[in-house]
Every structure is written in C-alpha cells, then in structure tokens.
Amino acid sequence: MIVLVTGGAGYIGSHTCVELINAGYEVVVLDSFINSKEESIKRIENITGKTVVLVKGDVRDKDCLRSIFKNYSINAVIHFSGLKAVGESVANPLKYYDYNVMGSLALTEIMAEFNVKNLVFSSSATVYGFSDNKPIPETSQLSPFNPYGQSKRMVEQILEDLSKSDASWNIALLRYFNPVGAHKSGMIGEDPNGIPNNLMPFVSQVAAGKLKELSIFGNDYPTKDGTGVRDYIHVVDLALGHIAALKKLNGLMIINLGAGAGYSVLDLVHTFEKTTGIKIPFKIVNRRPGDIAIYFADATMAKEKLGWQTKYSLEDICRDSWHWQSKNPNGYNT
Ligand code: NAD
Ligand code: WQD
C-alpha cells in the first residue's frame, strides 16, 4: 500500500514515515522544505533501511500533485504539510490561510480527480480555543481564536462537507495536543528555526547550553503549582496513532490524539532534570498572551475507535528529547 505523506520531512511527518515503513507501507513524501531539511529524509532511510520516494514541491501546486498521482498508485494520503506557528499566524494571517486552507483544497481536488479518497488530516487541539472542559472531548465547542487555529477549523469544515457530499470519502481529522519527544535512535527530532516557541525544545536547548535559562510564562494560573498544564504526547505515540487511523478509515472520524492527562510546566522541568541529571535554570515572567491555564485531551474516542492509546511517559519524552538534542546540537544542520 502506497501512502503519500505531505510534509513528510517535518517533525511529525518524519516520525510517521518511520512507523509507516516499519508497518510495511511504501511512502512517497511531498515537501517544499520551507520548514525542514532534506537531511531528515536521509535519516528516515538510515533508520528503516528503506528508500523513501521524495518529491520536492508545494502542496498548493496542482500540477505537481497531478504528477505524483500519475506516477505512483497512491492508496491514501496523510496530510501534514502546512504552517503551525500561532504567533506568526496572527502577524501574517493571509499566509496561513494560503498554505493551510488553499493547500488542503488543492490536495483534495487532485485526490478526487484520481479517485483517491482515503485521507488523514493533521488538525490541532487549537480548534477548541478557550474550553472550560477538562478533559476536552471531541464534542466540545469549537472556538479557535487565532488565524492558525481558524485555518485548521476551516479545513475540518471543508472535509466534513466533502464527506457529507460523497460518502465514498474516508477521512480522519486528528486533533493533536502537544507533540514532543523524538525517535529513540536520536536521529530524527524537532528542529525549530531560531529560538523555539514551544516548551520542550526550549528546555532541551537550555540543557545543551544553547540558551541561558527558561522563562516560565506565569505561575499564577489556577493549577496545582500555578504554571500552565498541557497534554504532552510523545511524537512516536502520535505517529502510531496515524497508522491506527489509516487502518480504521471509514467515513468521517474526528479524534483527539493526546495522552489524556495534563502536566504542568514545572512537572516537565522537574521530570527533565530527574531523567537527564541536568539542572534547568528558570525564571518566572508574565503570562504569554493567548495562553490557556489547563488543556488536555479526553482520549477515550481514540481508544474506542482506533484501539490506540499513548504508551510513552513524560520520562520517556524527556529522555528521548535530550538524546536527540545532545546528538544533534544544531538539529539537521550537519
Ligand atoms: P513541521 O513544520 O515540522 O512540518 C511541516 C512540513 O510541511 C515541513 O517539512 C514543511 O517544509 C512542509 N510544508 C509546509 N508547507 C508546505 C507546502 N505548502 N508544500 C509542501 N510542504 C510544505 O510541523 P509539524 O510539527 O511536523 O506539524 C505537522 C502538522 O501537524 C502541521 O499541519 C501542524 O499544523 C500540525 N500540528 C502540529 C502540532 C505541533 O505542536 N507540532 C500540533 C498540532 C498540529
Ligand atoms: C506549553 C506550556 C506555556 C514556552 C502550542 C500551540 C498549539 C500547538 C502546540 C500547533 C504553556 C509554557 C512555553 C516557554 C513556557 N501547535 N511555556 N515557556 O502553547 O500549549 O501549544 O503548540 O498546533 O497550536 O499553541 O505549547 O509548548 O508553547 O507551551 O512557560 O518558553 O509551556 O505557557 O503553558 P502550547 P507550548
């Protein structure tokens, strides 16, 4: 079975390619390398011992997509490609609607042209916006409050309408919470451009001495220690969730992919220190605008529908994050 993985050179896509190959699938990757390096494809091949077909191109380019579907008998698509920085989306919304919405439209139009109707889409828990639910089920109200989250919700709506119009489509909308960690080999991992926005890569770079200290955005939230609580999911667990969804594709599925538990910023920092033996200096600063106190998944739907649940712990996440960071201090810039 051949799976087209758009954005397959990226953080989650590369880990998913490894697990797809391990599960016996053949993989074709489409990536423009706007936010990744070709080195990650070489690493996937080193880990799996298998060749990855790579098409360097843009998912918004319909002729490029047509050439892929003409040259390879694609059975299903996992659609990762897109932009994901919340802050950047606020500053440049049109870019996010172009990449995330227009890219998804182009892809689904060409899939329909070639009668390929099996699709797994990378959505995000950001579509829930400010939710009072703890944990958050898939039936929660959807109120994204930034262009990034809105772009994800727009694509979800497009795919929901497509499914209603043609029951022969099999679509899984997977809402990820906080993907973190790295493959146990330390050969692939998260490689953010510049100063990381997200907590785990920032902590890893402090541990590596690349950054001086962690700024904790607020310790006055209504949580056990005042710091923000999130649902951290190991990226390999997340990758395996995509395999499970691929195998269970049937009609339209909307599913949270999360651990179903929340950990605070200080929980993560202390676990990282205990796991690695490395002290993480930090200071408490003001809250980051737009941050929410507590956010974690109701993960029961994934277990019921996909027979999938996370198996890696916060300790595993910290260990694997540090292993990647320490082996690749400059990410994929070899
Ligand atoms: P990433 O930036 O590492 O990977 C995305 C990949 O897509 C990159 O390799 C990039 O070069 C490629 N790409 C972007 N636009 C493209 C285009 N127009 N044509 C072809 N390739 C293009 O991001 P990631 O963390 O792996 O996220 C993958 C998907 O999961 C994204 O859609 C993101 O919105 C979603 N997601 C990520 C998170 C997270 O915290 N990482 C959480 C929820 C959802
Ligand atoms: C986690 C916690 C921060 C950095 C983001 C996107 C979301 C999704 C996942 C794409 C929070 C705190 C962080 C730092 C800190 N991406 N923090 N100091 O904000 O939950 O989610 O990534 O879909 O759309 O919003 O993740 O890692 O940025 O923050 O104190 O330097 O760590 O306040 O409580 P977030 P994060």
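Observations on the model:
- Between helix 265-276 and the chain: long-axis angle, C-alpha atoms, 0 to 90°, nearest 10: 90
- Rounded to 0.05, the FRET efficiency of the residue 63 and residue 311 pair, given R0 = 51 Å and the Cβ-Cβ distance, is 0.75.
- Net length gained if the chain between residue 286 and residue 102 were fully extended (0.36 nm per residue, minus Cα distance): 62.6 nm
- At full extension, residue 50 and residue 112 could sit 19.4 nm farther apart than now, given 0.36 nm per residue minus the alpha carbon distance.
- Under 5 Å, built H, 5+ apart or other chain: amide partners of residue 257: 175, 176, 177
- Sorted on the mean count of surrounding Cβ atoms within 10 Å across their residues, most packed first, peptides 244-250, 28-34 read 28-34, 244-250.
- Column: log10 I(q)/I(0), Debye, Cα scatterers of the range 141-295, q = 0.10, 0.16, 0.19 Å⁻¹: -0.46, -1.04, -1.31
- Ordering 329, 241, 275 by the projection of their Cα atoms onto the charge dipole of the range 196-334, which places +1 on the Cβ of Lys and Arg and -1 on the Cβ of Asp and Glu, puts 329 at the extreme positive end.
- For residue 117, net neighbour charge (Lys/Arg +1, Asp/Glu -1) across residues whose Cβ lies under 14 Å away: -2
- Eigen-decomposition of the gyration tensor built on the alpha-carbon atoms of the range 271-312 gives equivalent ellipsoid semi-axes of 31, 20, 5 angstrom, largest listed first.
- Intensity falloff of the range 127-194 expressed as log10 I(q)/I(0), Debye formula with alpha-carbon point scatterers, at q = 0.14, 0.21, 0.22, 0.28 Å⁻¹: -0.65, -0.99, -1.02, -1.22
- Around residue 60: net Lys/Arg minus Asp/Glu count, Cβ-Cβ under 15 Å: -2
- 3J(HN,Hα) along the range 189-196, derived from phi through the Karplus expression 6.51 cos²θ - 1.76 cosθ + 1.60 where θ = phi - 60°, amounts to x, 7, 10, x, 6, x, 6, x Hz, with x in place of Gly and Pro.
- For the range 67-108, dividing the convex hull volume of the Cα atoms by the residue count gives 70 Å³ per residue.
- Among the listed pairs 42/117; 134/305; 283/311; 37/62; 117/152, those with a Cα-Cα distance over 26 Å are 42/117; 283/311.
- Using alpha-carbon coordinates, inclination of helix 103-113 to the longest axis of the chain, degrees: 30
- Placing +1 on the Cβ of every Lys and Arg and -1 on the Cβ of every Asp and Glu, with nothing else charged, gives the range 125-166 a dipole about its Cα centre of roughly 160 debye.
- Each residue, residue 158 and residue 88, gets one label point 7 Å from its Cα in the Cβ direction; the gap between the two is 1.9 nm.
- Going by neighbour counts of Cβ atoms within 10 Å, the residues 253, 102 line up, fewest first, as 102, 253.
- Nearest 10 degrees, 0 to 90: helix 147-165 Cα axis against the chain principal axis: 30
- Exposure proxy for 78, 292, 12: other Cβ atoms within 10 Å of each Cβ, ordered fewest to most, give 292, 12, 78.
- Euclidean distance of C-alpha centroids, the range 241-299 and the range 128-201, integer Å: 12
- For a paramagnetic label modelled on residue 70 (point 7 Å from Cα along Cα→Cβ), amide N atoms under 14 Å away belong, within the range 108-124, to 114.
- Only beta bridges with both residues in the chain are counted; by DSSP, about 5 percent of them are antiparallel.
- A simple count of charges around residue 297, restricted to other residues whose Cβ falls under 13 Å of its Cβ and scoring Lys, Arg +1 and Asp, Glu -1, yields 0.
- Rounded to the nearest 20, the size of the Cβ-charge dipole of the chain about its Cα centre is 400 debye, with Lys and Arg at +1 and Asp and Glu at -1.
- From the C-alpha gyration tensor of the chain, square roots of 5λ in Å: 31, 23, 18
No value in this document is a laboratory result; all are computed from the given coordinates. Everything quoted here is computed from the prediction, not taken from an experiment. Positions of Cβ are generated from backbone atoms using ideal geometry, with glycine treated the same way; all protein chains shown enter the neighbour counts.
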